[in-house]
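See below for the structure under consideration.
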Amino acid sequence: MNKEGLHIVNHPLVQHKLAILRDKDLGSKDFRELVDEITVFVGYEATRDLPLKEVEVETPITKTTQKMITGKKMAIVPILRAGLGMVDGILSLSPAAKVGHIGMYRDEETLEPHEYFFKMPSDIEERQVLVVDPMLATGGSAILAIEALMKRNVSPADIKFLCMVAAPEGVEALQAAHPEVEIYTAALDEKLNEDGYIVPGLGDAGDRLFGTL
Ligand code: PRP
Ligand code: URA
């Protein structure tokens, strides 16, 4: 595992919120709220290296040189369904970001991902893209999503992957397939179980977000 390309956002507030999120008795409403709150912290870290330009500002007191964000505009790309839970958190940081959607489900037997929907902003190849999905398990869904974006001429250097919980297996697979893609997660868990679920994890993120358990 390449520790340089992996950012674990282990702020005490994140660890506290994640402990609550993992509880199997937490209802969908609270689950959604916590995913939203944790996403803001993960997104804060993922946007730490945004380029800045100098601008002149006149305050009520004096003229001053300050800094504002420049460079590529942003796009958020949730992997459906569970990635939808992370969109509002990123939009609260970058309200003008455009949102593209990739629909993907994992075959429960083979764990292979299958794409069923793809709709991007028309200028996606010119944007900094944050792919969001709460779970990085085998890594198959994230890898397929990134490859779908690359087919639309998005450079992997312009893609970051943001999640709540990552398995070491998923991090290794994603880094092996696309080493340029930086990974931001609230937690690096222990392993995958024989059913491809993250341990300790938080269960099926889509079902918990949308109450389809
Ligand atoms: C979950 C999760 C990821 C994927 C992760 O989605 O939200 O997209 O599994 O697993 P992987 O890393 O092994 O590919 P799921 O297929 O359950 O679809 P859903 O979000 O519609 O429930
Ligand atoms: N998808 C989930 O929603 N949870 C896991 O633990 C693994 C894949």
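Some observations on this one:
- Residues within segment 140-154 that are β-branched (Val, Ile, Thr) and in a helix (DSSP H, G or I), tallied: 2
- Residues satisfying the stated conditions in segment 58-93, i.e. over 11 Å from the mean Cα position of the chain (by Cα) and within 16 Å of ligand 1 (Cβ to nearest atom): Leu80, Arg81
- Output for segment 189-211, where each listed residue is assigned to a loop (DSSP other than H, G, I, E, B) and either basic (Lys, Arg) or more than 8 Å from ligand 1 (Cβ to nearest atom) (or both): Asp189, Glu190, Asn193, Glu194, Asp195, Tyr197, Pro200, Gly201, Leu202, Gly203, Gly211
- Within segment 47-76, residues that are within 24 Å of Ser92 (Cα to Cα) and open to solvent by 70 Å² or more (accessible area, probe 1.4 Å) sit with their Cβ atoms under 8 Å from residues that are hydrophobic (A, V, I, L, M, F, W, C) and assigned to a loop (DSSP other than H, G, I, E, B), at 6+ positions apart or across chains, in these pairs: Ile69/Leu50; Lys73/Ala96; Lys73/Ala97.
- Single unsatisfied condition, Phe118 versus (1) within 16 Å of ligand 2 (Cβ to nearest atom); (2) over 16 Å from the mean Cα position of the chain (by Cα): (1)
- The listed residue being within 13 Å of ligand 2 (Cβ to nearest atom), of a type in the set (Val, Ile, Thr), under 22 Å from Thr39 (Cβ atoms) and open to solvent by less than 30 Å² (accessible area, probe 1.4 Å), out of Val165, Val129, Val154: Val165
- If the condition is being more than 7 Å from ligand 2 (Cβ to nearest atom) and either under 16 Å from Arg22 (Cβ atoms) or loosely packed, with under 13 Cβ neighbours inside 10 Å (or both), then segment 203-213 contributes Asp207, Arg208, Leu209, Gly211, Thr212, Leu213.
- Where Ala19 falls short, out of the listed (1) surrounded by 13 or more Cβ atoms within 10 Å (Cβ to Cβ); (2) more than 15 Å from the chain's Cα centre (by Cα); (3) assigned to a helix (DSSP H, G or I): (1)
- Sole residue being in a helix (DSSP H, G or I), small (Gly, Ala, Ser) and more than 9 Å from ligand 1 (Cβ to nearest atom), chosen from Ala173, Ala157, Ala186: Ala157
- From the options Leu136, Leu162, Leu149, residue that is within 8 Å of ligand 1 (Cβ to nearest atom) and at pLDDT 95 or above: Leu136
The values are calculated or read from the model by the stated rules, or taken from the named source; none is laboratory data. Just so it is clear, the model here is predicted, and its values are computed rather than measured. Cβ atoms come from the backbone with ideal geometry, glycine included; neighbour counts cover every protein chain shown. Protein only, heavy atoms only, side chains kept; ligands, DNA and RNA dropped before computing areas. Shrake-Rupley method; radii C 1.70, N 1.55, O 1.52, S 1.80 Å.
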